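S.K.: Can you keep this structure in mind? I'll have questions shortly.
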Amino acid sequence: MALLLLVRHGHSTANADAVLAGWTEGVGLTDRGRGDVERVAARLAGLDIARLVTSPLQRCRETAAILLPGATAEVVEDLGECRYGAWTGRRLADLTSEPLWRTVQDDPASARFPESDTYASESLTEMTERTVAAIRRIDEEVTQERGPDAVWVAVSHGDPIKAVIADAVGAGISGLQRVHVDPASVSVIRRTGERSMVLATNSSGEALRAAAARPATVPPGDATVGGGTG
């Protein structure tokens, strides 16, 4: 099957403020984020990209435009961020004291985000199902149209990308919080028949430095909801 490059959007204004952006409007890339994505774009230069798809949210659309200037990115609704409901826009440091935080960490299959009058909510299971289904569908389309050696790019968010990687390694949603992806990182997956091969994860060239410098906004050992503040 075709080769998938999963790219997380670059460092955003919400990452800088350590808040859970979710589907908040107007969350774009910071200067740091644009620079990081430009470096990823340089790594992709020369590749024949068969298809570029992106989450509809601003930070991902901006990332896609920098990654492949001149290319038309196809917006795919199901690659959007998890719908965090009433958690949307809240500070991550405050969310760690919520009882739901431990469910998200220890039993993500049971985690559903609280309802809100402003933002839609869903469970992590629902987010995983829609994202994985979209990736599989597009992968099959690219393979049929361009062959098994085709390369395509999907730009999405921390939790959706983690869900796709966890599915690819056979861990399913129970393994969601065993995966970490930084802003402007690339993960590489190739589906082969009924199984998937994960060829790279969280590749940015700066992953170790970023991990060492990451502020302690959540308890040690916990995964940051939304994929991290970067």
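S.K.: Listed residues LEU68, LEU47, LEU52; which is touching a residue at least 60 places away in the same chain (Cβ under 8 Å), closer than 20 Å to PRO183 by Cα and over 17 Å from the mean Cα position of the chain (by Cα)?
M.R.: LEU68
S.K.: Something else now. Please work out which one of (1) of a type in the set (Lys, Arg); (2) surrounded by fewer than 21 Cβ atoms within 10 Å (Cβ to Cβ); (3) modelled with pLDDT of 95 or more is the condition ARG59 fails and give its number.
M.R.: Failing condition for ARG59: (2).
S.K.: What helices (runs of 4 or more DSSP H), lying completely within the range 29-127, carry at least 3 residues that are charged (D, E, K, R) and at negative phi?
M.R.: 31-44, 58-67
S.K.: Something else: Select from the range 129-155 the residues that are in contact with a strand residue (DSSP E or B) (Cβ under 7 Å, 6 or more places away or on another chain) and either assigned to a strand (DSSP E or B) or of a type in the set (Gly, Ala, Ser) (or both) and write down the one among them that is farthest from ARG195 (Cα to Cα).
M.R.: Among them, the one singled out is VAL155.
S.K.: More than 22 Å from VAL198 (Cβ to Cβ) and open to solvent by less than 10 Å² (accessible area, probe 1.4 Å): which single residue out of GLY46, GLY70, GLY26, GLY33 fits that description?
M.R.: Checking each option against the conditions leaves just GLY33.
S.K.: Still on this structure: Against the definition (at pLDDT below 95, open to solvent by 20 Å² or more (accessible area, probe 1.4 Å) and under 23 Å from VAL37 (Cβ atoms)), how does ALA216 come out, yes or no?
M.R.: Numbers: at pLDDT below 95: yes; open to solvent by 20 Å² or more (accessible area, probe 1.4 Å): yes; under 23 Å from VAL37 (Cβ atoms): no.
No: the conditions fail for ALA216.
S.K.: Same structure, new question: Got at least one residue in the range 130-141 being among the small types (Gly, Ala, Ser) and buried (at least 18 other Cβ atoms within 10 Å of the Cβ)?
M.R.: Pass one, the range 130-141, residues among the small types (Gly, Ala, Ser): 133-134.
Filter once more, so that each one left must be buried (at least 18 other Cβ atoms within 10 Å of the Cβ): 134.
Within the range 130-141, one or more residues are among the small types (Gly, Ala, Ser) and buried (at least 18 other Cβ atoms within 10 Å of the Cβ).
S.K.: Let me ask you something else. With the requirement that a residue be under 17 Å from ALA111 (Cα atoms) and open to solvent by less than 10 Å² (accessible area, probe 1.4 Å), what does the range 150-178 give you?
M.R.: GLY158, ASP159, PRO160, LYS162, ALA163, ALA166, GLY175, LEU176, listed by residue number.
The values are calculated or read from the model by the stated rules, or taken from the named source; none is laboratory data. Keep in mind that this is a model prediction, so the values were computed, not measured. Positions of Cβ are generated from backbone atoms using ideal geometry, with glycine treated the same way; all protein chains shown enter the neighbour counts. To get the accessible areas, we keep the full protein, side chains included, count just its heavy atoms, and leave off ligands, DNA and RNA. Shrake-Rupley method; radii C 1.70, N 1.55, O 1.52, S 1.80 Å.
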